[in-house]
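Here's the structure we're looking at; comments come further down.
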There are 2 protein chains.
Amino acid sequence: MRNLRQAVILAAGTGSRLRGVVDDKPKGFLKLGEKPIIEESIAKLVRSGVTDIVIINGYRHEYYDALAKKYPFVSTIKNPDFAETGSMYSFFMARERIYGDILLLESDLIYEYNMLQTLHNSIYSDSILVSGRTGLGDEVYVGVDGDTIVNLSKDIKKIKHLGGELVGISRISLDLYREMVGHAKNMFDRHPRYDYEDCLTDLCNSRSINYDFIEKPAWMEIDDEDHYKNARDTVYPLIGEKDRAVSIKKNIERTVLLNPGPAATTDSVKYAMVVEDICPREQEFGELVQGIRRDLVRIVHGGELYEAVLFASSGTGALEACLTSVIPDDRTALILNNGAYGERMQQICDGFGIRHIDYVIDWGEPIDFKEVETIIIENKDLISHIAVVHHETTVGILNNLTAVSNLASKYHLELIVDAMSSFAGIPIDVKDLGIHYLMSSSNKCIQGMAGVGFVICNRESLEKSGALKPRNFYFNLYQNYRFLSEKGEMQFTPPVQILYALRQAINEYFIETEEGRADRYAQMYRVLTAGLKKLGFKFLIEEKFHAKILTAIIEPRDKNYDFTEMHDFLYWRGFTIYPGKGAKEDTFRLANMGAISCDDIEKFLENLQEYLTLNNIKLS
Amino acid sequence: MRNLRQAVILAAGTGSRLRGVVDDKPKGFLKLGEKPIIEESIAKLVRSGVTDIVIINGYRHEYYDALAKKYPFVSTIKNPDFAETGSMYSFFMARERIYGDILLLESDLIYEYNMLQTLHNSIYSDSILVSGRTGLGDEVYVGVDGDTIVNLSKDIKKIKHLGGELVGISRISLDLYREMVGHAKNMFDRHPRYDYEDCLTDLCNSRSINYDFIEKPAWMEIDDEDHYKNARDTVYPLIGEKDRAVSIKKNIERTVLLNPGPAATTDSVKYAMVVEDICPREQEFGELVQGIRRDLVRIVHGGELYEAVLFASSGTGALEACLTSVIPDDRTALILNNGAYGERMQQICDGFGIRHIDYVIDWGEPIDFKEVETIIIENKDLISHIAVVHHETTVGILNNLTAVSNLASKYHLELIVDAMSSFAGIPIDVKDLGIHYLMSSSNKCIQGMAGVGFVICNRESLEKSGALKPRNFYFNLYQNYRFLSEKGEMQFTPPVQILYALRQAINEYFIETEEGRADRYAQMYRVLTAGLKKLGFKFLIEEKFHAKILTAIIEPRDKNYDFTEMHDFLYWRGFTIYPGKGAKEDTFRLANMGAISCDDIEKFLENLQEYLTLNNIKLS
């Protein structure tokens, strides 16, 4: 299950048995350390990754409202009938604010961090946290059957198989919450003091509600002064000790990204970001950067003739670095535009006042190289560079690099290739193709994280570009290169963790091998397109021009079809699809890049079919 | 202990008992799945984060040499005397290539991933992996006493307290390796077949060598055909099963960064990067971005009048975005330069041809605001903007924002503040100070990861800047703002994981509170400077001008002092210090920002004192 982002704290009650300790404040404002226990609970939730905390208050609500002013991630909802209602009514009050799975907590708890972590990492979508017996009095016992709960009761005689004690921290799915709300609505009239535990007991006959058990966690619910003293003398110090020693563990749910990058990554790439804090000016880090530069060049077979220059930026940054740094003021670039990324090259040149001539055709049309040659001949004295997008993900077309390369070499033009969505997915040999500059980013077929753009440069051309008057600063290609080669580190603060992930991703690329990755992608493409055709879908562009890494699919004309609905249906089942962009027909797009497999594609196709069937969508 | 980056595999032997299974190849080339077991071992090492694998080969070394050609992270060293020497001689051969703590493995092992993970996360710097008994024959038994090993032997009678069986995977510190090399050198003459196990046995009397025990891991050493069959039918499939289900766990060693950012982060910020793969064009991610924008403004009390614009870049990128986007072609910026970051603003303006007048003084001198006013008066018709660095980390000076603000307001200039190293560390109120643009980055006092730069903009000024002719594309402030506010997402691919970390870091900032963070930093500064003075150090600038987040310290004149030596001494003890930069005297620098505490500062001071004493360095 996913780690949770939202928590609801039930804090409406009066806590009348604690008056001597907490004056007339709500129970959560009891103090054992420097802060009230509610603020300690909030700090723990935040540490565990929760970003939205809803407190249901009632009794002396102003205390909690003050927390909402202090913390931007805290909000409150008032249960005006707190004196006459039970905890379920408070929980019910949150129904406008709950939009996903949540953690549900009581306000009078002190607990060790690991208990939150256990629920965050639970394998169950609904899970009640259960501890071994504490013998503290006032316990709620949990009756279980296998891995599900059967009932919750303060009367141990009502429990058949004892699972342990209810802690008061639970993981509740949106689905269960909705069911609780629906059920409770009918109960409030008869039982205004209906508690959420009762509601769970009522529902667990008709649906599975699971539990996570911890034998001896350090925790306590503080209901009276004896509890308070016990907490102060024993449990609270123990919690502090355990929390200082806790090590973080995170289970990550697998999602299948079919959008054109950032692509799905392996867990080992994700965890590669978790490293000791390091200053990137240290030699140790410099060696990491130099190794990455060397291996990026190796991926496109650049040998000793090429240099990789890295930027903290998206891929577009690398594009800007190249275009602004290598085309002289008095020369012109010929830009081939058959998609949004060809257009982006024009926009960058426009932004900087760089001269360019454009070959523009409908997005989705293949380039006619005779026409391109004609343009070159007509502008022979002007054009010094030719710029092309290899895999134009607007439509999923693969532009013919060999053909561009032949023209570039015939007319002595420098060749600039945007290989954003092909680098490391489709074999490219920069030397054979005579590519002078090739741009890509860390988050596409190389399967790293977003945050690094890079240009792989023919060293001789790059050295020459150093003589040009700079057009910018941060993205000055030559200056960044100089810094990298002279100091062995990046000129501006690098995204340290993204580079560790990129190092890992490159290593995993070499483990899979160039051929292995290209084959896996190609096989996924075959499974995907065969499945789509079987379902009756049509493609925007002729199959012979497909890049085989992204496919643009013509949207169904059926009135029952709705992209957003289809997207959401698939999203909640773990598949991310992508809308179309500016093509001559309405499309949606599916990429088959990243750390996913043919199995994932097959499961996706099953889900897509289910969506079509459920919504009675006909593909003509 | 730190996770390891280097592994050494001992693979020189002939494996003569396996001829029937592996022909004449080395044992590592035995196949159970699609790849030889050595390549499976390499893939596991890479998955675990190892980036440098040294294989010591001998018998049919060409097989291993081919792996070094295939994988950039594999290299080989030949033991030419493999037929007459033991494993320790092979290990000895690696002495030129080992530069830190390593994993040591035998080549004929199959093993589950978790076994590597156990050693990566070991609490010991030297640890032998020990398994429960396998009964497979040919075992090496491990004699133990408490948590240390006593001896290793194939003869169980020689074992007093049995710890278990030696797996053949060990964690060896550089220190232990050097001792092994020194000891073994004297043994080879008498015992050429000396094994590394023998060497460990010999050394464990004079130093602690620990072990990590796993009761029933799935693993096997394959020495003969029976082993091979057992592996194929039972152990290998079990390993596959366990590896598919393994969840990654990483222990992170704490390092104390005293460099001026990227600053140290909490473990929860580090782990916040480990999230499910997500497409940043999803609404879920858009909400993350919008929440971050809102809260960045809140940190500087911008209320509804300000907008945060984020970039995938270092802080310099945000600086460039602001300077290039808000100063009209026919107007001039007054840049106050008393350090490298003031100079950087000049460089950016130069790169883009933006008009600027500079107030330049020695780095480390406080700004004379009368002189600044004179310049403004003299150039009243030209100047539209005044740009200043709040905390100039070149020297650790805090420039007086109130004084600049007064001038800006008196002469109706827009005020641009580089708050890179003060934002979230020193309280700033952009409304009160009438700041129009304030820049910072994700990796300084806000305690997130590097990779995001941002500009906090007065909305009215920002909207007006939209009328200016763009100078660039990626860093066009207004266009990025428009995209953010209209589409609710970043214009170019954002560094997804860095933003999750920033979200977490911002939440932890609010947990600590503005006052709490400023107090902690100020207290660390007091402890640091008091300690430094006690040791006899002098500061570059007068204390009243100190930013109290970074201190520039005049280097000792003593001939025994050497910055690099001092740096390295401290680095290996977990403290990162920073060299000086361009000040009027030679300095080194210490920052007190990030997720560190007064305790850390005190420990640092003790270590610094130790360095001075050990090297007999006098501070006059």
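The values are calculated or read from the model by the stated rules, or taken from the named source; none is laboratory data. From a predicted model like this one, the values you see are computed outputs, not experimental measurements. Every residue, glycine as well, gets a Cβ built from its backbone with ideal geometry; the counts of neighbours run over all protein chains shown.
Suppose the filter is assigned to a helix (DSSP H, G or I), free of Cβ contacts under 8 Å to residues at least 24 places away in the same chain and either farther than 28 Å from B:Q117 by Cα or touching a helix residue (DSSP H, G or I) at 6+ places or on another chain (Cβ under 8 Å) (or both); does A:K229 pass it?
For A:K229, the condition - assigned to a helix (DSSP H, G or I), free of Cβ contacts under 8 Å to residues at least 24 places away in the same chain and either farther than 28 Å from B:Q117 by Cα or touching a helix residue (DSSP H, G or I) at 6+ places or on another chain (Cβ under 8 Å) (or both) - is met.
Among the numbered criteria (1) crowded, with 16+ Cβ neighbours inside 10 Å; (2) at positive phi; (3) away from chain A (no Cβ under 14 Å), which single criterion is violated by B:G574?
(3)
So which residues in the range B:345-367 are of a type in the set (V, I, T) and either assigned to a strand (DSSP E or B) or within 14 Å of another protein chain (Cβ to nearest Cβ) (or both), if there are any at all?
Passing the criteria: B:I348, B:I354, B:I357, B:V360.
Can you name the number of the only condition in (1) aliphatic (A, V, I, L, M); (2) surrounded by 14 or more Cβ atoms within 10 Å (Cβ to Cβ); (3) under 34 Å from the mean Cα position of the chain (by Cα); (4) over 21 Å from A:F91 (Cα atoms) that A:I123 fails?
(2)
Considering only the range B:543-562, I want to know if a residue exists there that is within 30 Å of A:A43 (Cα to Cα) and not aliphatic (A, V, I, L, M).
yes
With of a type in the set (S, T, Y) and more than 30 Å from the chain's Cα centre (by Cα) as the only criterion, which of A:Y474, A:Y478, A:Y521 stands out?
The match here is A:Y478.
Got a number for residues in the range A:304-326 being within 14 Å of chain B (Cβ to nearest Cβ) and either of a type outside the set (D, E) or at positive phi (or both)?
Final tally of qualifying residues: 16.
Can you give me the ranges of the helices (runs of 4 or more DSSP H) entirely in the range B:1-73 with at least 3 residues that are within 14 Å of chain A (Cβ to nearest Cβ) and within 14 Å of A:F510 (Cα to Cα)?
B:37-47, B:61-70
Among the residues of the range B:306-344 satisfying the criterion of being among the acidic types (D, E) and in a helix (DSSP H, G or I), which is nearest to the chain's Cα centre (by Cα)?
Filtering the range B:306-344 for residues that are among the acidic types (D, E) and in a helix (DSSP H, G or I), the one nearest to the chain's Cα centre (by Cα) comes out as B:E320.
With (1) away from chain A (no Cβ under 14 Å); (2) under 29 Å from B:T265 (Cα atoms); (3) assigned to a helix (DSSP H, G or I) as the list, and B:N480 as the residue in question, which single condition is left unmet?
(1)
Have a look at A:I98, A:I38, A:I9, A:I53 and point out the one that is closer than 28 Å to A:K229 by Cβ and under 28 Å from the mean Cα position of the chain (by Cα).
Exactly one residue qualifies, and that residue is A:I9.
Give B:L162, B:L104 a once-over and let me know the one that is at negative phi and in contact with a Leu (Cβ under 9 Å, 6 or more places away or on another chain).
B:L104
So which residues in the range B:335-364 are loosely packed, with under 15 Cβ neighbours inside 10 Å, of a type in the set (D, E, K, R) and in contact (Cβ under 8 Å) with a residue 12 or more places away in the chain?
B:D362 - this is the single residue of the range B:335-364 that is loosely packed, with under 15 Cβ neighbours inside 10 Å, of a type in the set (D, E, K, R) and in contact (Cβ under 8 Å) with a residue 12 or more places away in the chain.
Please work out which residue is farthest from the other protein chains (Cβ to nearest Cβ), limiting yourself to the range B:247-296 and to residues that are aliphatic (A, V, I, L, M) and not in a loop (DSSP other than H, G, I, E, B).
B:V289
Looking at the range B:443-462 only, could you name the residues that are touching a Pro at 6+ places or on another chain (Cβ under 9 Å) and of a type in the set (S, T, N, Q)?
B:N443
Looking at (1) out of contact with any helix residue (DSSP H, G or I) (no Cβ under 6 Å at 6 or more places or on another chain); (2) at pLDDT 95 or above, can you tell me which one A:M180 breaks?
With respect to (1) out of contact with any helix residue (DSSP H, G or I) (no Cβ under 6 Å at 6 or more places or on another chain); (2) at pLDDT 95 or above, A:M180 is out only on (1).
Given (1) in contact with a Gly (Cβ under 6 Å, 6 or more places away or on another chain); (2) at the interface with another protein chain (Cβ under 7 Å from one of its Cβ atoms), identify the lone condition not met by A:E225.
(2)
For B:L528, only one of the following conditions fails: (1) crowded, with 22+ Cβ neighbours inside 10 Å; (2) outside any helix (DSSP H, G or I); (3) not basic (K, R). What is its number?
The single condition B:L528 does not satisfy is (2).
Take the range A:239-262 and flag every residue that is farther than 28 Å from A:F575 by Cα and either buried (at least 16 other Cβ atoms within 10 Å of the Cβ) or in contact (Cβ under 8 Å) with a residue 60 or more places away in the chain (or both).
A:I239, A:G240, A:K242, A:D243, A:V246
Since B:C322 meets every condition but one in (1) surrounded by fewer than 23 Cβ atoms within 10 Å (Cβ to Cβ); (2) under 27 Å from A:A318 (Cβ atoms), which condition does it not meet?
Of (1) surrounded by fewer than 23 Cβ atoms within 10 Å (Cβ to Cβ); (2) under 27 Å from A:A318 (Cβ atoms), only one is false for B:C322: (1).
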